[in-house]
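The values are calculated or read from the model by the stated rules, or taken from the named source; none is laboratory data. Nothing here was measured: the structure is a model prediction, and the numbers come from that model. No Cβ is skipped: glycine too gets one built from the backbone with ideal geometry, and neighbour counts run over all protein chains shown.
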Amino acid sequence: MATSVLTPRPQFLTAAGVIAVNYTLSTFTAGTSTPAATYPTQADSIALTNPNNVVLTVNSLGYLTSGGNAVDVWMIAALDFVLKDASGVIVYTEEDVNPASAAPGTLADADYGDITVSASNTVWTIDAGTVTFAKMANIATDRLIGRDTAGTGAPEALAVTGGIEFTGSQSIQTSAFTGDATKTAGGTALTLATVNSNVGTYGSTTLIPSITVNGKGLITAISHATPSYVAAIEKNTASPITARTNLNFIEGSGTTLVVADNAGNDSVDVTITASGVAGLASITEYEIDFGTTPVENATFTVTDASIGAGSYIVVQQSGEAATSKDADENEMDTLEFKVITSAGSMDVFVTATDGSYLADKFKINYLIG
């Protein structure tokens, strides 16, 4: 008769109440030293297939294993059982255990404290709340019970890293921070390191700040200074400029300067005009009209008795507004010029600098050399 000698599957604990990891259970033919096999299931014990190892090992959960798999123990003849600890020291023996005496039903259905036996000794149930920490497997210091390995499986002892640490009083906390921002272990207040002790207000209407910034974008030094700027603009002054804070416009031959303080625009206006000195070249303003239909280029004939067949002509776009246009429209189109002179006139070929189409009126200035 085949009988399960260990039903339900028991959990092996040491005398201290912890998992008896790596303990071994060996089976021998009763009264001999001859190893004898047991079987993982009743069907295997009847068919004499898939025998367990003659030495079974207790795993980290406290269950007997054969070939790494937790197994039940079914026997078909009287056996001797020898239990050894992880060092190979015998801690318990049971001799001449036979199928008849090991048959289920030797315990009455009842609650035995941590275990409740039911269904005529065929179901053993661990009572709720009875598996204390002391009855669990030992784990190393500073570990959490969880599982990091992918998939469902046995619990694992997990370490904490990444700025988390144990306090030594059964809790965890954030680690201390060092460097440009510091924090005490377990604290929540972040303190920025002082990189510039020269605090205060810098810069004003007459002072400009001088700032030093490190590679992390932190201001490591700051001060302010009086800027060097144009404090006055003078006309025809004979005084030497030593501090280079004054700007002096000198009126040359053939020109007239008008310097005026424009307080409304916070500026100084300087007007330079040619005085028409005999013998000097003169600048003439002329208006050209491309018409309302945009064109890529056009040629304009300018009649001027001052122009000779061999005259040197310089043509440029005027900053003045053409008829019915604003001066700032000159910024939209810039012009290029080519000139062919003849006695009393010149042909001016005009295109846009960027090759765009042109329309309407523009003013040009030309200088006859």
Practice prompt. Just need a number here: residues in segment 293-326 that are part of a loop (DSSP other than H, G, I, E, B) and under 17 Å from SER345 (Cα atoms).
Written response: 9
Discussion item. One residue is enough: does segment 52-65 have a residue meeting the conditions within 26 Å of ALA134 (Cα to Cα), of a type in the set (Gly, Ala, Ser) and assigned by TED's automatic domain parsing to the domain that holds SER26?
Written reply: yes
Worksheet, complete the sentence: Counting only strands (runs of 3 or more DSSP E) entirely within segment 211-285, those with at least 3 residues that are at pLDDT below 75 and touching a strand residue (DSSP E or B) at 6+ places or on another chain (Cβ under 6 Å) are 232-235, 246-249
Item to complete: Within segment 170-222, track down each residue that is surrounded by 11 or more Cβ atoms within 10 Å (Cβ to Cβ), of a type in the set (Gly, Ala, Ser) and closer than 28 Å to ALA140 by Cα.
Response: SER175, ALA176, ALA185, GLY186, GLY187
Worksheet entry | Filter result (of a type outside the set (D, E, K, R) and surrounded by 15 or more Cβ atoms within 10 Å (Cβ to Cβ)) within segment 309-338 | SER311, ILE313, VAL315, GLN317, SER318, ALA321, ALA322, ASN330, LEU335, PHE337
Item to complete: Kindly check whether there is at least one residue in segment 81-104 that is under 47 Å from the mean Cα position of the chain (by Cα), of a type outside the set (Lys, Arg) and surrounded by 12 or more Cβ atoms within 10 Å (Cβ to Cβ).
Response: no
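Here's the yes/no breakdown for (1) free of Cβ contacts under 8 Å to residues at least 12 places away in the same chain; (2) more than 30 Å from THR205 (Cβ to Cβ); (3) aliphatic (A, V, I, L, M):
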position: PHE290; (1), (2), (3): no, yes, no
position: VAL295; (1), (2), (3): no, yes, yes
position: SER311; (1), (2), (3): no, yes, no
position: ASP326; (1), (2), (3): yes, yes, no
position: GLU336; (1), (2), (3): no, yes, no
position: GLY344; (1), (2), (3): no, yes, no
Worksheet, complete the sentence: Requiring at least 3 residues that are among the acidic types (Asp, Glu), the strands (runs of 3 or more DSSP E) wholly within segment 9-116 are 90-97
